[in-house]
Each structure stands twice: as structure tokens, then as C-alpha cells.
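Below is one structure, written out as C-alpha cells; the observations come after it.
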Amino acid sequence: MDKEEHLHGRVVMNIFRCSNLLERVGRKLVAKVGLTSVHQWFILAALSAEDLSLKQLGKNTHVTKQNMTGMIERLKHNEYVTTYEAQEDRRITLVRLTEKGKQALAQLDGMGYQSNQESLNCLRLEELNSFNGCLLKLIENMDDDNSCP
């Protein structure tokens, strides 16, 4: 194994480690507002600007249709979202935040901001910008199966 392969492996392993730590922090935050997973938070955040179809939500959050349907049903059961048929095509189910969902998201945004500040305070602004750019390139490469630019 050459140095580049070894570095690739270390980078991937560190991304997984960071993801696990973020998931742990996120689970504690979502539990405070009654959600059961960090993915539910992502769904509420995706709905903050506009109503979206199940397909659009899945694409935005990288969640499969089967998993998305179950998560929406749980969010709907707990009154964080509501669903309705699209006027132009009744086969399309649209999802909307309820007032309870908006309140939960507002609480999570506040707690998330504080948590992010604490987690990322070890990086300078230039480092954060560079790191964010690298993550976006990686996501784009993995999502579309393109090579890194």
C-alpha cells in the first residue's frame, strides 16, 4: 500500500469517526424536542423554505424512498408535518411543516448553532471555508459518481 492509498483510508476512517460523533451529539439534541433521529431534523430543515414532495425530500436528504415514507409517517403521526396531494398531479404527495414542526426546528436551530460553535471553534474561518469546500467536492463526487475536479 502506497502513501496515497494509506492517506485515503485514514481520511475515510476519520470521516466515519466524525460522523459517529456528530450523530451522537445530534441524537441528544433531537431527543430534547421529541424527535427520534437526526434524519428527522434534516427533513424538517429541508421543509423550512417550502413544501416538498417525498421524492424531492429523498433527493435532498439522501434517504431512500422506503425510509423516507416511514420517517414522514412517524413525523406526521407526531404532528411535526402534514401531507397532501399535489394539485397538478394527485399521485405526488407533498409534505408541509406544521406549527409544531416549525417550533421544533426553531429550537433545534438554536441548540445546533451553539453545538456547532463548540464543535468547530478549533478551526479558523479560512480552515472552515476550505474544509467545507472539500466536503462539498466529496459529496458531489460520491453522489454523481464523477471524479473530483
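The values are calculated or read from the model by the stated rules, or taken from the named source; none is laboratory data. None of the values given here were measured: they were computed from a predicted structure. Heads up, the Cβs are rebuilt from the backbone with ideal geometry, glycines too, and the neighbour counts pull from every protein chain shown.
Structure notes:
- Flag if SER53 is touching a strand residue (DSSP E or B) at 6+ places or on another chain (Cβ under 6 Å), surrounded by 11 or more Cβ atoms within 10 Å (Cβ to Cβ) and not aromatic (Phe, Trp, Tyr): yes
- Condition check for LEU21: surrounded by 12 or more Cβ atoms within 10 Å (Cβ to Cβ) and either in contact with a Cys (Cβ under 6 Å, 6 or more places away or on another chain) or not basic (Lys, Arg) (or both): no
- Qualifying residue in region 50-63 (condition: under 14 Å from the mean Cα position of the chain (by Cα) and either closer than 16 Å to GLY112 by Cα or not in a helix (DSSP H, G or I) (or both)): yes
- Condition broken by THR69, with the remaining ones in (1) polar (S, T, N, Q); (2) closer than 30 Å to GLU118 by Cβ; (3) out of contact with any strand residue (DSSP E or B) (no Cβ under 8 Å at 6 or more places or on another chain) satisfied: (2)
- Matching option when the condition is among the polar types (S, T, N, Q), surrounded by 12 or more Cβ atoms within 10 Å (Cβ to Cβ) and in contact (Cβ under 8 Å) with a residue 60 or more places away in the chain, among SER37, SER115, SER48: SER115
- In region 71-79, the count of residues that are more than 27 Å from ILE139 (Cα to Cα), in contact (Cβ under 8 Å) with a residue 24 or more places away in the chain and not in a helix (DSSP H, G or I) is one or more.
- For CYS122, the criteria (1) in a loop (DSSP other than H, G, I, E, B); (2) more than 17 Å from ASN14 (Cβ to Cβ) hold in every case but one, which is (2).
- Checklist (1) within 25 Å of SER19 (Cβ to Cβ); (2) over 15 Å from the mean Cα position of the chain (by Cα); (3) free of Cβ contacts under 8 Å to residues at least 12 places away in the same chain; (4) in a helix (DSSP H, G or I) applied to LEU136, failing item: (2)
- Residue check for ASP144: of a type in the set (Asp, Glu) and modelled with pLDDT under 90: yes
- Considering residues of region 84-112 that are touching a strand residue (DSSP E or B) at 6+ places or on another chain (Cβ under 8 Å) and assigned to a helix (DSSP H, G or I) only, the residue surrounded by the fewest Cβ atoms within 10 Å (Cβ to Cβ): LEU105
- Qualifying residue in region 80-91 (condition: modelled with pLDDT of 95 or more and either among the charged types (D, E, K, R) or more than 23 Å from TRP41 (Cβ to Cβ) (or both)): no
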